[in-house]
Amino acid sequence: MAEQDALDHAIDLARAYAASRRDRPVWATATLQGLREALGGPLPSTAVDPAAVIDALARAAEPGLVTTTGPRYFGFVTGGALPVTVAAEWLTAVWDQPASLYVMSPAAAVVEEVAAAWLLDLLGLPPACSVGFVTGCHMANVTALAAARHELLRAAGWDVEADGLQGAPRIHVVVGDEVHVSVIGALRMLGFGSRQIVRAAADDQGRMKPDALAAILDALHGPAIVCAQAGNVNSGAFDPLDAIADLTRRHQAWLHVDGAFGLWASASDALKHHVRGIERADSCATDAHKWLNVPYDSGLVFVAHPAAHRAAMSLAAAYLVRSPEEPREPMDWVPESSRRARGFAVYAALRSLGRSGVADLVERCCRLARRFADRLRQEPSIEILNEVVLNQVLVRVVPAEGDADAATQAALRLVQDERVCWLGGSRWHGMEAMRISVSNWSTTDQDIDRSADSIIRAARRQGTA
Ligand SMILES: Cc1ncc(COP(=O)(O)O)c(C=O)c1O
């Protein structure tokens, strides 16, 4: 069958899936065994018709899909893929541009350049920052911290790209006690072992305590990186960036901010007080596939020292030809060489939402998170464990008698069985919790109420109310 048939069929299937987003099961219905059987079998020995492959793939995969784009998916921190971004991704796939060098795709290179400037403006970051389009916040953390490592060692007279880390001057790394695990993962990749990292105490919401950081920095000698956080993955809380920036300036430490979703608070006049001080960060990291509602995968890194950023990332080879006009070369700012042109979808999101649309999206999710918490609080057996300052809600079932951890886990299983909404579990300060993240552009008040009712039903079935 012709190539066009496969494309047409895929478009029909994609349209039908998108149209069912609101009502299809939020949870996958297939079992592991069922998926293996449906998708597996021996490698075909000869060619299979492309349209038939697409048809069989969709038929077999669909029961194993989680409707992450649906309005009642509250798992992890997952944006819902705005239709305009999905459309841009379709074009990106058809265009199939390797966004490495300008010569490989002038359009992809310039779209990144334009979107980068828009992002700096929207997020209140210095316009001279360099920007990289990476797979996610984890790789954004890697990129930013590689730039930090370069710059601190350069200032100490050491060329880490040429001479490596063995024998290099020691760099101290300080993180908040509630650091996201991807920062630790990033540091590990860069040669900083997890046992070498110093943790500053955090408060009851997970915010780094500036006095704890001050005491640590006062006792350190030599170059240091401080990793702060905008948006705790459980509570949504923000480290006090202004106070932290005062300390890092005083100690000439590099301030990195992991703002995987919290950085988007900068786009809202009502919320940007949470990130006051972000403009003084040396680097920050965020995700577009979280709160900008761009499809996976899409992360962003911002570095206030472009020379360090580029030195840490860029590679040269005779065949990697650079353009004489000296445009922005996408691969100079990221760890990969060959890479998908993920700037197109980011550009489409920003252009279609505009400044006010991003602010609305972020503020609406926060309002809905508060509504969720308020509904759940009315149930005597439910406690909300965090201050709902952003889009995250931590829910615990506390029975009149018996074990709250067991009741919370059992209630979560019931919610999962009921399949009205998708949420996962976590532990918060030693307590089991259900974790809600409201990050989807299409979630409505009704979705929140239906989901809250499901959680309340589950809590009551613990015999607690
Ligand atoms: C605070 C924080 N940092 C980093 C990450 C990692 O992001 P990603 O999985 O998109 O790479 C997350 C993911 O939830 C996060 O919440």
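Tabulated values for the structure
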quantity: Sorted by Cβ density within 10 Å, fewest first, the residues 104, 434, 208; calculated: 104, 434, 208
quantity: Selection from 439, 410, 420, by position along the positive dipole direction of the range 403-442 (Cβ); calculated: 439
quantity: The range 1-93: Rg to Rh, with Rh as the Kirkwood radius over Cα pairs; calculated: 1.00
quantity: Residues with amide H under 5 Å from that of residue 432, placed H, sequence gap 5 or more; calculated: none
quantity: Loop-resident sites, the range 373-423, for GluC sites (Glu not before Pro), counting at most 14 other Cβ within 10 Å (DSSP); calculated: 387, 401
quantity: Tensor-based shape of the range 77-119 (alpha-carbon gyration tensor, a/c under 1.5 rounded, otherwise prolate or oblate); calculated: oblate
quantity: Charge dipole (debye, nearest 20) of the range 34-161; +1 at Cβ of Lys and Arg, -1 at Cβ of Asp and Glu; calculated: 360 debye
quantity: Cα centroid of the range 184-223 to Cα centroid of the range 47-73, whole Å; calculated: 44 Å
quantity: The range 335-460 - Rg and Dmax from Cα coordinates, angstrom; calculated: 17.5, 58
quantity: Simple spin-label estimate for residue 29 and residue 159 in nanometres, 7 Å along Cα-Cβ; calculated: 6.2 nm
quantity: The chain - mean residue ellipticity at 222 nm from DSSP helices (-39,500 (n - 2.57) per run, n ≥ 4, rounded to 500); calculated: -13500 deg cm²/dmol
quantity: Average Cα contact separation per residue, the chain, under 8 Å, 6 or more apart, as relative contact order %; calculated: 22 percent
quantity: Neighbour-count ranking [beta-carbon atoms within 10 angstrom, fewest first] of 134, 84; calculated: 84, 134
quantity: Relative contact order (%) - criterion: Cα under 8 Å, at least six apart; region: the range 405-449; calculated: 31 percent
quantity: Of the DSSP H helices in the chain, those whose Cα atoms cover at least 30 Å axially and whose Kyte score averages -1.0 or more; calculated: 343-377
quantity: The range 78-201, relative contact order in percent, only Cα pairs under 8 angstrom and at least six apart counted; calculated: 17 percent
quantity: Neighbour-count ranking [beta-carbon atoms within 10 angstrom, fewest first] of 7, 271; calculated: 7, 271
quantity: Global form of the range 205-311, assessed from the alpha-carbon gyration tensor, a/c cut-off 1.5; calculated: oblate
quantity: Mean projection area, nm², convex hull over Cα of the chain; calculated: 24.9 nm²
quantity: DSSP-defined beta bridges in the chain - what % are antiparallel, rounded to 5; calculated: 60 percent
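A short reminder: the numbers here are calculations on the coordinates, not readings from a lab. Every value quoted in this text rests on a predicted model; they were computed, and no experiment measured them. Neighbour counts run over all protein chains shown; Cβ positions are idealised from the backbone, glycine included.
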